[in-house]
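A short worksheet on the structure shown next.
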Amino acid sequence: MTDSSSAGKPRLFYSEGSPYARICRMALRERGLGQTVDEAVTTLRDPAAAVLPYNPVGRVPALALPDGTTLTETTLILGWLDGHGGRPGMMPASASGQATYGRVLGLLDGVAVWNRELRRPVSERSPSVIALELARANRVADVLESQAAQGAFSTVDAGFLALAAVLGYAERRHTVWKWREGRPCLDQWFAQASRRAAFCETLPPPSGI
């Protein structure tokens, strides 16, 4: 693989609209690693994408290390970031925390599928896929509402960042999902989370869905 940076610094490739990459970008800021890891925006689904020499899969996030290694996938990159810097790590240590993080990632995966389906021409959309992902999103969000009511997501960790990313994605790029309806605790939690500097500095551009 190509060397990640002429300055010898790790380089995190991201696209501005990716909630997966946003989790890592928020983690960089929460862990105070902004000066030690470069960020590089890339296009996606593009044969000239800047990330392709480092990650032939062409997806983000991708963390290119100075030794030529490239880490892909959000959780692996969070694990690497946890091994650097002096602030508390993002990956939960407890099984319950890991389970919550996985649940939020599952929500994000479903919303991403739903969003991609809506970006197809109307004649090519699958109503059954859309109905499935809507039901999944609401089912998971109801559980997260119950967890938030019991004080979950009070610690800034991977679950916190993933939830901020998926709800932030719904706010600006998947507005068809009315996640606030009947979920006052998530609504209040998101209002507080969205005031954090790491959240404000990584806002994705809005889209028309």
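The values are calculated or read from the model by the stated rules, or taken from the named source; none is laboratory data. Just so it is clear, the model here is predicted, and its values are computed rather than measured. Here the Cβ positions follow ideal geometry from the backbone for every residue, glycine too, while neighbour counts run over all protein chains shown.
For this structure, a couple of remarks:
- So Leu78, is it assigned by TED's automatic domain parsing to the domain that holds Arg59, within 28 Å of Thr175 (Cβ to Cβ) and in contact with a helix residue (DSSP H, G or I) (Cβ under 7 Å, 6 or more places away or on another chain): yes
- In region 6-17 there is no residue matching the filter, namely being crowded, with 24+ Cβ neighbours inside 10 Å, over 20 Å from the mean Cα position of the chain (by Cα) and either among the aliphatic types (A, V, I, L, M) or not in a helix (DSSP H, G or I) (or both).
- Region 73-132, subset among the hydroxyl-bearing types (Ser, Thr, Tyr) and over 23 Å from Ile23 (Cα atoms), residue surrounded by the most Cβ atoms within 10 Å (Cβ to Cβ): Ser126
- Restricting region 65-85 to residues that are over 18 Å from the mean Cα position of the chain (by Cα) and either part of a helix (DSSP H, G or I) or closer than 25 Å to Leu163 by Cα (or both) leaves a set whose member that is modelled with the lowest pLDDT is Gly85.
- Among (1) surrounded by 17 or more Cβ atoms within 10 Å (Cβ to Cβ); (2) touching a Lys or Arg at 6+ places or on another chain (Cβ under 7 Å); (3) assigned to a loop (DSSP other than H, G, I, E, B) - the single one Arg59 does not satisfy: (2)
- If you go through region 158-178 and keep only what is farther than 18 Å from Ala135 by Cβ and either surrounded by fewer than 23 Cβ atoms within 10 Å (Cβ to Cβ) or not assigned by TED's automatic domain parsing to the domain that holds Arg119 (or both), you end up with Gly168, Glu171, Arg172, Arg173, Thr175.
- Out of Arg25, Arg45, one residue alone is in a loop (DSSP other than H, G, I, E, B) and of a type in the set (D, E, K, R). It is Arg45.
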